[in-house]
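First up is the structure itself, then whatever we jot down about it.
The values are calculated or read from the model by the stated rules, or taken from the named source; none is laboratory data. Because the structure is predicted, anything quoted here is derived from the model rather than measured. Note: ideal-geometry Cβ built from the backbone for every residue, glycine included; neighbour counts use all protein chains shown. Note: areas computed on protein heavy atoms with side chains; ligands, DNA, RNA excluded. Shrake-Rupley method; radii C 1.70, N 1.55, O 1.52, S 1.80 Å.
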Amino acid sequence: MLGVWLLLWGSVALGGRADTAFLRRAHDSSGHCTYSFTVASPVEAACPEAAGGVPELRAELAALAARLSRLESPERAMGGSGPRGTESEGTRDPQELAAATRLEAAYGELLRAKHRHFGGQQPGAEPPEGRRSRRGGVGGWLSPAHAVPGPAAAPRWEPQPLSYQELQSERTEVPVSRLLEETGLGRPGKEDSAGCGQLVWVGEPVVFGRADSIAGKYGVWMKDPEPVPPFTRDNTWRVDTVGTEVRQLFQYEEAEQLAQGYPAKVHILPRPLESTGAVIYRGGLFFQPRHSRSVARYDLRGETITAEREIPGAGYHGQYPYSWGGYTDIDLAVDETGLWVIYSTEKARGAIVLSKLDPETLEIRRTWETNIRKRGVANSFLICGTLYTVSSYSAPNATINFAYDTATGTSRALSIPFENRFRYLSMLDYNPAERQLFAWDSFNMVTYPVRLARA
């Protein structure tokens, strides 16, 4: 577009003494339309009606100026980023200023002549609906910079207003009672502050700490909902899971120490763990040992593995992970009803399988096979015996998209907003004592408040 302006300036300067005004239009080597013209002296009352182009030039030049004005106005408002964005009017070349003045005068005369002869409307011009591009797709406009060379006639433009279009909005008032009922929030007498219920709301994430090395891009952090002495609910635990030999379990006396990055103790696990599926429950760390389909219990007081059991048919090390990967084939979870393991098998064809575990022996008490594809969700957790899944690990505005109720053996679709603030969710677990979700989101350890309601 700037090149067209330069051509126009040069043509005015060289052709200012011509007796007639005419337009020459041609395609350059890049396929763009190039316009050059000469006009009579700008002091004349109007440009003569030369054959072959002046009426067409009037509309095209007016639209061109309008487009340039709209494109350049934001740049000028910000101080300019182009070669002349910071140049003041007083430092410009006098010859350039003179050429610009002549162009502005000629342009003004052309517009006035147009209005005198055609009353502001070019004869035979298409209505705005008819000017939509047949090459640019639905709703597209064919601009001179995107004109396609060929025998077809050159596109026309209508003069556009130089000002921006004013945006308008409409406001609809909705009663608060209706809004709360539609979102499932604030139902009088139905919100469950102590017992079990269905998940109806997840709040914004709150950051508690941040990993300080690349090993902490993915990880897991936990509190024990049912601690045993000498541990309390203030104790916080963390594992950075990037690496081939993940053995360090960091122990903190409280969450504030986690935020400061100073552990009270570091446990060295007898077996390296795999991925981010570990949980702390009743004084033990439950985790999947690396390269196995087993689940193990590490006793936090005795600092030894007290139980280990294979999950029959469970995929492992990349067979049935969540959508983000990370060898998340076997994921442990805790809710109000106890200890769970989330996985999939060849028999289930990649669908999520749930098993309830005995926390002491790790024996499987009961198993449920869902119809939710494990690779199709980013993560999952359990609340009150119901499995919930997250739609995306990286989309900032994700959702809790499915629920599977083990009491009824049925699933349903949901659309509860869920925010991935840092765009890489690698761990998500529910803590029934805290009534919060604990998550690891790209180096960041965060919590989400939740709200439950009785059905």
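General remarks:
- Cα gyration tensor category, rounded, prolate or oblate, for the range 322-455 with a/c compared to 1.5: rounded
- Accessible area of the range 221-339 belonging to carbon and sulfur atoms, whole % at 1.4 Å probe: 45 percent
- Stretching R210 away from A264 to a fully extended chain increases their span by 17.7 nm, per 0.36 nm per residue minus the current alpha-carbon distance.
- Spread over its residues, the convex hull of the C-alpha atoms of the range 198-454 is 108 Å³ per residue.
- T232-R454 pseudo-label distance in nm [points 7 Å out on the Cα-to-Cβ vector]: 3.3 nm
- Prolate/oblate/rounded label for the range 365-443 (Cα gyration tensor, a/c 1.5): prolate
- A simple spin-label model places pseudo-atoms 7 Å from Cα toward Cβ; at S394 and K347 they are separated by 3.5 nm.
- Close amide H contacts of F208 (hydrogens built in the peptide plane, cut-off under 5 Å, sequence separation of 5 or more or a different chain): M445, V446, T447.
- Measuring r between the beta carbons of R301 and E434 and using R0 = 22 Å, the FRET efficiency lands at 0.50.
- Taken about its Cα centre, the range 198-454 carries a charge dipole of about 620 debye when Lys and Arg each add +1 at the Cβ and Asp and Glu each add -1 at the Cβ.
- Label-point separation, R247 to T367 (7 Å along Cα→Cβ), nm: 3.3 nm
- Cβ charges +1 (Lys, Arg) and -1 (Asp, Glu), total dipole of the range 206-330, debye: 180 debye
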